[in-house]
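All remarks here apply to the structure that follows.
Readers should treat all values here as calculations from the given coordinates under stated rules, not as data from a laboratory. Bear in mind the structure is a predicted one, so any value in this text is a computation, not a measurement. When we count neighbours, we look across all protein chains shown, and the Cβ atoms used for this are built from the backbone with ideal geometry, even at glycine.
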Amino acid sequence: MRIHRKLFWLVACGLVVGLTASAQSRKPGLYVVTTTMTWQKSPFPGMMAHMGRKPHTTKVCVTQAEIDKYGTAPPRAQRDCKIENVVKKANGMTAEEVCTGPMSGKGDIQASWTDATHTTTKVHYVGAMKMGSESKPIEWTVESTSVYEGADCGKVKPMKVK
């Protein structure tokens, strides 16, 4: 019985160390990020069919400091928004994007990775947008994949994170 317990704890500790090593091996450098945005509630109801759903690809330079804080390419907060409550795990991270001002609300951020070079991220945002004297409800989801391209960012500069 004691041997089984010791074996269980040895395997459990090995698994934790392996997962931690996976998170620590995330690489700073150039990532290709492909993003798709879907509106659930748009401030422009007649334009719902035309907004989002087309993938958009861009290159992002991720620094070691960003890897240390977020584990991946950091969420890019909009104006009047902050990234809060970051919880980094061995195979992912969660956070919240909290916005005040003309666009107010909260986005739940979930990122996950299975290796040092690939990340999937989902942000679901619910809030309101001021349009003149009115405030219109908004809700959208952004899903993205990030793929590591190399250590050299070339002409792509790291973005400033709020």
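Structure notes:
- Extended-chain gain in nm, criterion 0.36 nm per residue less alpha-carbon gap, ASN85 and THR120: 10.7 nm
- Over the range 91-162, the ratio between the Cα radius of gyration and 2.2 N^0.38 Å evaluates to 1.42.
- Remark: spin-label model distance LYS160-SER133 equals 3.6 nm, labels positioned 7 Å along the Cα→Cβ axis.
- In this simple spin-label model, placing a label point 7 Å from the Cα along the Cα-to-Cβ direction at both THR145 and THR94 gives a separation of 2.5 nm.
- Ranking of VAL142, VAL87 by count of other Cβ atoms within 10 Å, fewest first: VAL87, VAL142
- Estimated at 0.36 nm per residue, the fully extended path between LYS54 and THR36 surpasses their Cα-Cα distance by 5.9 nm.
- Counting charges near ALA116 (Lys, Arg +1; Asp, Glu -1) among other residues having Cβ under 12 Å from its Cβ returns a value of +1.
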